[in-house]
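What follows is one structure encoded as structure tokens, with my remarks underneath.
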Amino acid sequence: MRKFLPFIFFLVIISVQGQAPKNLNSAEIDQALKKLNFLGSVLYLAAHPDDENTRLISYLSNEVNARTGYLSITRGDGGQNLIGPELKELLGVIRTQELLAARRIDGGEQRFTRAIDFGYTKTPEESMEIWDKEVVLGDVVWAIRTFKPDVIINRFNHRTSGETHGQHTASALLGVEAFKLADNKSAYPEQLDYTETFSPTRLYFNTSPWFYGSQEAFDQADKSNFIQFDTGVYFPWNGLSNPEIAALSRSQHRSQGFGSSGSRGSQIEYVELIDGKVPETKGDIFAGIDTSWNRLKGGAAIGEILKEVEENYNFRDPSESLPKLIEAYKLMQDLEDSYWKNIKTSEIKDIILACSGLYIEALSNTPYSATNQSIEVNFEAINRSNIPVELSSVSVLPGSPSLEPNKVLSNNENWNEKLIYTIPKDAKYTSPYWLNKTPNLGTYVVEDLKIVGLPETPRLTKAIFNLKFYDEIISFDKELVYKTTDPVKGEVYQPFEIVPPVTASFNDNVLIYTNGEAKQIELTVTANQKDAMGKLSLKAPGTWKIEPKETNFDIKNNGGTATLSFMVTPPKEQSETNLIPEITFEGQVYSNEIIKLDYEHIPLQTLVLPAKTKLVKLDIKKKGELVGYIDGAGDVIPESLEQIGYKVIRINPNDINATSLAKFDAIVLGIRAYNMVELLKFKQKELMKYVENGGTLISQYNTNRGLVLDNLAPYKLELSRDRVTEEDAKVEFLDPQHPVLNSPNKITQKDFENWVQERGLYFSDSWAPEFTPIFAMHDKNEANSKGSLLIAKYGKGHYIYTGLSFFRQFPDAVPGAFRLFANLISIGK
């Protein structure tokens with residue numbers, strides 16, 4: 001099956017991008033040897049980032065030593081973001097990296113499908129319909145055929161439709177169906193050009209008392225089909241218990257606020273057999289599956305050598321293992337099983353590198369480059385053992401620039417050299433591959449099947465070090481990276497990026513016109529090479545007027561910028577359109593921008609995306625001028641309100657008192673403010689005084705768990721998990737004459753058109769009679785919910801609680817959301 005070799009090797013060798021080099025210590029080498037001698041694999045399957053059971057993944061990877069993968073159906077694009085303003089695609093990139101950070105800790109690997117997390121759903125049927133089931137099911141089959149798991153474990157129960165998030169149940173249903181289809185040649189036959197059919201041995205469901213509603217119900221359940229094992233083991237090689245590792249892993253999901261405390265002691269996990277062969281031995285999910293080297297033709301001899309290496313490993317001098325490791329490496333190259341050959345070749349190469357104390361690195365002298373430009377690549381190699389190692393050659397791919405030092409690397413003597421490398425003209429940008437094309441409703445468009453499911457865009461620009469051990473040349477890949485020295489953080493690594501020669505970015509993602517006056521729009525053109533001279537024009541369909549038609553720029557320095565201005569006049573009528581820049585440079589037209597996502601817990605992310613800003617001519621009136629804003633979990637409410645003419649001042653919670661707040665026409669609390677801002681429990685009386693004295697307080701949604709105080713409002717107000725997930729759900733006006741529906745903007749059904757993702761979430765389900773509910777709405781086949789917007793008069797002012805998802809509507813410039821929010825601010829004025 002030779003045709004499978006290049007791609008499967010490509011799947012296996014996916015290293016951490018833009019991270020400082022990871023050098024295994026002596027204890028970790030010993031652990032890696034144990035893993036090298038285990039030939040079994042598990043694929044854990046769920047719907048989203050954070051759904052995975054990190055205790056079980058860590059246990060299987062570090063105690064059982066199995067190759068353990070997590071297949072997340074989505075990248076978490078539809079959730080909320082507790083660390084920044086990014087939502088949708090950008091949030092999906094952050095959560096992808098958080099999953100990779102988690103896997104670096106718990107030892108698992110990461111995979112995805114092309115499905116988009118479009119928000120909370122109440123049934124798996126809705127999820128499957130929006131995702132396009134056949135596409136996503138094919139991606140799960142593809143994951144099974146390429147990862148080849150002996151065992152699959154579903155996180156969720158496929159038999160409980162409607163009892164949890166619809167995407168959760170959908171992930172389990174996909175796992176059940178794909179388990180059978182993966183070995184069917186008639187299913188997705190196009191995949192067989194790159195891989196082969198595969199039949200996993202067993203399918204489990206990772207059950208627990210949570211799925212039974214109580215510990216008592218779980219205790220009474222029939223467990224004849226269950227396997228249980230204690231995942232509370234302790235690992236002396238790193239001084240941590242498995243639950244402690246799992247907590248560190250789960251704590252990488254920072255955008256979701258899932259910081260976890262480690263624990264110690266026994267922790268029982270249960271899995272229920274759903275399909276496949278019944279295990280012969282209780283307590284072992286691999287029972288009856290040969291997980292030794294004997295499972296491979298020609299593997300027995302390798303196993304004998306590696307068993308000897310493991311038994312005689314010298315913690316004080318790991319290099320003593322090198323002769324036998326090289327012998328085993330040679331035998332691996334003759335294996336017929338390409339899957340295990342490539343996995344174990346990758347593993348043993350890492351061990352060989354670690355045992356020899358070898359440090360190899362390839363650094364670019366710049367963090368980025370455009371195509372057809374030259375960069376300097378600096379190489380370093382050092383052997384920190386007494387074993388002779390010869391550096392035969394080093395090269396950079398793609399292309400052929402190389403050096404042939406043919407130098408023996410003596411113990412602790414550094415070798416450094418550099419060469420000039422030109423980025424090929426046809427090199428692709430190193431941006432997230434699933435964002436390269438406009439997505440469908442529920443799936444990303446990725447036409448190259450070979451990269452479907454990979455967590456990141458493959459880094460094709462890399463250095464190849466050819467090192468000779470005992471007359472055997474072994475090639476080691478190192479991705480090209482950029483390194484700086486920060487005065488506080490020390491060495492800082494980031495990925496080397498390939499970017500367009502010129503990019504443009506708008507100052508604002510949305511520009512809202514509330515009258516017919518022209519606005520000056522500024523763009524920043526950035527040159528990613530020297531001597532960039534060209535012209536820029538803006539394109540907007542319809543009756544929007546743009547002056548001038550084009551303007552020139554001349555940027556001398558790489559990284560230099562030019563700020564260009566245009567006057568844009570809206571049409572008379574209400575209108576929405578996208579404004580697109582077109583940069584003409586060296587006979588080509590470019591319309592991209594670069595977005596950087598820079599958070600400490602993940603590598604710097606550089607995204608090359610289509611540049612645009614949304615233009616909205618809005619029929620809107622407002623009362624009041626000054627709005628105070630108290631930050632919660634993060635949204636773009638302040639910037640959005642400034643777009644429609646309000647002056648917004650962010651308020652430090654320490655400065656909250658009724659006197660200082662009196663100047664504001666309204667105070668807006670950011671999403672989850674009562675979950676996130678501890679000080680609010682001490683400042684609530686001052687906020688209520690502000691309302692009592694005539695102010696308007698608008699509290700956006702909070703979750704009912706983890707509130708910093710019991711009483712959010714001046715009257716009884718209880719929150720629930722009620723939500724309306726259908727963004728086009730019918731909205732009933734309960735009190736059509738209420739001022740908030742009439743002044744200063746007349747709110748109609750048209751104002752609820754084109755909402756995105758959902759109507760709202762975490763509505764109230766119980767409130768005092770002083771509150772007036774404004775709307776009723778519901779998802780299909782559900783009862784009306786009236787707690788999306790509640791308004792109460794308190795003293796001279798108004799207290800407003802709303803679960804309507806303004807934080808999603810404002811970035812998409814939904815006109816009706818702006819008009820309604822302006823009415824909330826204007827109430828009583």
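The values are calculated or read from the model by the stated rules, or taken from the named source; none is laboratory data. Predicted model only: the values in this text are computed from it and were never measured. All Cβ positions, even for glycine, are placed from backbone atoms using ideal geometry, and neighbour counts span all protein chains on display.
With a requirement of 1 or more residues that are on the phi > 0 side of the Ramachandran plot and surrounded by fewer than 18 Cβ atoms within 10 Å (Cβ to Cβ), the strands (runs of 3 or more DSSP E) lying completely within region 457-536 that satisfy it span 490-495. Of all residues in region 150-168, those satisfying the criterion of being over 15 Å from Ser72 (Cβ atoms) and in contact (Cβ under 8 Å) with a residue 24 or more places away in the chain are Asp150, Val151, Asn157, His158, Thr160, Ser161, Gly162, Gly166.
A Cβ distance below 6 Å, combined with a sequence gap of six or more or placement on separate chains, defines the contacts here; from region 176-205, residues that are closer than 19 Å to Tyr339 by Cβ reach residues that are surrounded by 14 or more Cβ atoms within 10 Å (Cβ to Cβ) and acidic (Asp, Glu) in the pairs Phe179/Asp275; Thr197/Asp183; Ser199/Asp183; Thr201/Asp150. Is it the case that Thr68 is more than 22 Å from Asn342 (Cα to Cα) and either among the polar types (S, T, N, Q) or in a loop (DSSP other than H, G, I, E, B) (or both)? Spelling it out, it is not the case that Thr68 is more than 22 Å from Asn342 (Cα to Cα) and either among the polar types (S, T, N, Q) or in a loop (DSSP other than H, G, I, E, B) (or both). The condition of being outside the structural domain of Ile671 (by TED's automatic domain parsing), at pLDDT below 95, within 19 Å of Ile144 (Cα to Cα) and surrounded by fewer than 20 Cβ atoms within 10 Å (Cβ to Cβ) holds for only one of Ile14, Ile83, that being Ile14.
Looking at this structure, is Gly587 free of Cβ contacts under 8 Å to residues at least 24 places away in the same chain and either crowded, with 16+ Cβ neighbours inside 10 Å or on the phi > 0 side of the Ramachandran plot (or both)? Let's see the steps before the verdict.
Working: free of Cβ contacts under 8 Å to residues at least 24 places away in the same chain: yes; either crowded, with 16+ Cβ neighbours inside 10 Å or on the phi > 0 side of the Ramachandran plot (or both): yes.
So Gly587 fits the description; yes.
Let's see how each residue does on (1) surrounded by fewer than 21 Cβ atoms within 10 Å (Cβ to Cβ); (2) within 23 Å of Val510 (Cα to Cα):
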site	(1), (2)
Lys750	yes, yes
Glu753	yes, yes
Gln757	yes, yes
Asp779	yes, no
Ile791	no, no
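Kindly evaluate Glu758 against the criterion of being over 24 Å from Leu618 (Cα atoms), touching a residue at least 12 places away in the same chain (Cβ under 8 Å), part of a loop (DSSP other than H, G, I, E, B) and within 32 Å of the chain's Cα centre (by Cα). The answer is no for Glu758.
Applying the criterion of being hydroxyl-bearing (Ser, Thr, Tyr) and part of a helix (DSSP H, G or I) to the residues of region 344-379, the residue that is surrounded by the most Cβ atoms within 10 Å (Cβ to Cβ) is Thr345. For region 247-304, a residue qualifies if it is buried (at least 17 other Cβ atoms within 10 Å of the Cβ) and among the aliphatic types (A, V, I, L, M), and the qualifying residues are Ala247, Leu248, Val271, Leu273, Ile274, Ile285, Ile289, Leu296, Ile302. Taking the condition touching a Pro at 6+ places or on another chain (Cβ under 6 Å) and crowded, with 23+ Cβ neighbours inside 10 Å, does Leu71 pass? For Leu71, the condition - touching a Pro at 6+ places or on another chain (Cβ under 6 Å) and crowded, with 23+ Cβ neighbours inside 10 Å - is not met. Selection over region 596-608 of residues that are assigned to a strand (DSSP E or B) and either surrounded by fewer than 18 Cβ atoms within 10 Å (Cβ to Cβ) or modelled with pLDDT under 95 (or both) gives a count of 2.
Within region 556-595, count every residue that is in a strand (DSSP E or B), of a type in the set (Gly, Ala, Ser) and either assigned by TED's automatic domain parsing to the domain that holds Arg95 or within 32 Å of the chain's Cα centre (by Cα) (or both). Please lay out each step first, then the result.
Filtering region 556-595 for residues in a strand (DSSP E or B) gives 561-569, 575-585, 588-590, 592-595.
Now drop any that are not of a type in the set (Gly, Ala, Ser), which leaves 562, 565, 575.
Filter once more, keeping what is either assigned by TED's automatic domain parsing to the domain that holds Arg95 or within 32 Å of the chain's Cα centre (by Cα) (or both): none.
Looking only at that region, the number is 0.
Scanning region 414-439 for residues that are acidic (Asp, Glu) and touching a strand residue (DSSP E or B) at 6+ places or on another chain (Cβ under 7 Å) gives a single hit, Glu417.
The single condition from (1) crowded, with 16+ Cβ neighbours inside 10 Å; (2) of a type outside the set (Val, Ile, Thr); (3) outside any strand (DSSP E or B); (4) touching a Phe, Trp or Tyr at 6+ places or on another chain (Cβ under 9 Å) that Leu697 fails is (3). Can Lys535 be described as under 24 Å from Ile375 (Cβ atoms), among the charged types (D, E, K, R) and not assigned by TED's automatic domain parsing to the domain that holds Gln97? Taking the combined requirement at face value, the residue does not satisfy it.
Just the residues that are in a strand (DSSP E or B) and surrounded by fewer than 23 Cβ atoms within 10 Å (Cβ to Cβ), please, taken from region 798-815. Once the filter is applied, which keeps residues that are in a strand (DSSP E or B) and surrounded by fewer than 23 Cβ atoms within 10 Å (Cβ to Cβ), region 798-815 yields only His798.
Residues that are within 26 Å of Gln97 (Cβ to Cβ) and assigned to a loop (DSSP other than H, G, I, E, B): does region 613-630 have at least one? There is no residue in region 613-630 that is within 26 Å of Gln97 (Cβ to Cβ) and assigned to a loop (DSSP other than H, G, I, E, B). The single condition among (1) touching a residue at least 60 places away in the same chain (Cβ under 8 Å); (2) crowded, with 20+ Cβ neighbours inside 10 Å; (3) not β-branched (Val, Ile, Thr) that Pro124 does not satisfy is (1). Scan region 93-150 for residues that are of a type in the set (Lys, Arg) and in contact with a Gly (Cβ under 7 Å, 6 or more places away or on another chain) and jot them down. Arg95, Arg111, Lys122 - these are the residues of region 93-150 that are of a type in the set (Lys, Arg) and in contact with a Gly (Cβ under 7 Å, 6 or more places away or on another chain).
Among the numbered conditions (1) over 30 Å from Glu98 (Cβ atoms); (2) of a type in the set (Val, Ile, Thr); (3) out of contact with any strand residue (DSSP E or B) (no Cβ under 8 Å at 6 or more places or on another chain), the only one that Val636 does not meet is (1).
For region 721-749, enumerate the residues that are of a type in the set (D, E, K, R), touching a Gly at 6+ places or on another chain (Cβ under 7 Å) and in a loop (DSSP other than H, G, I, E, B). Matches in region 721-749: Asp722 only.
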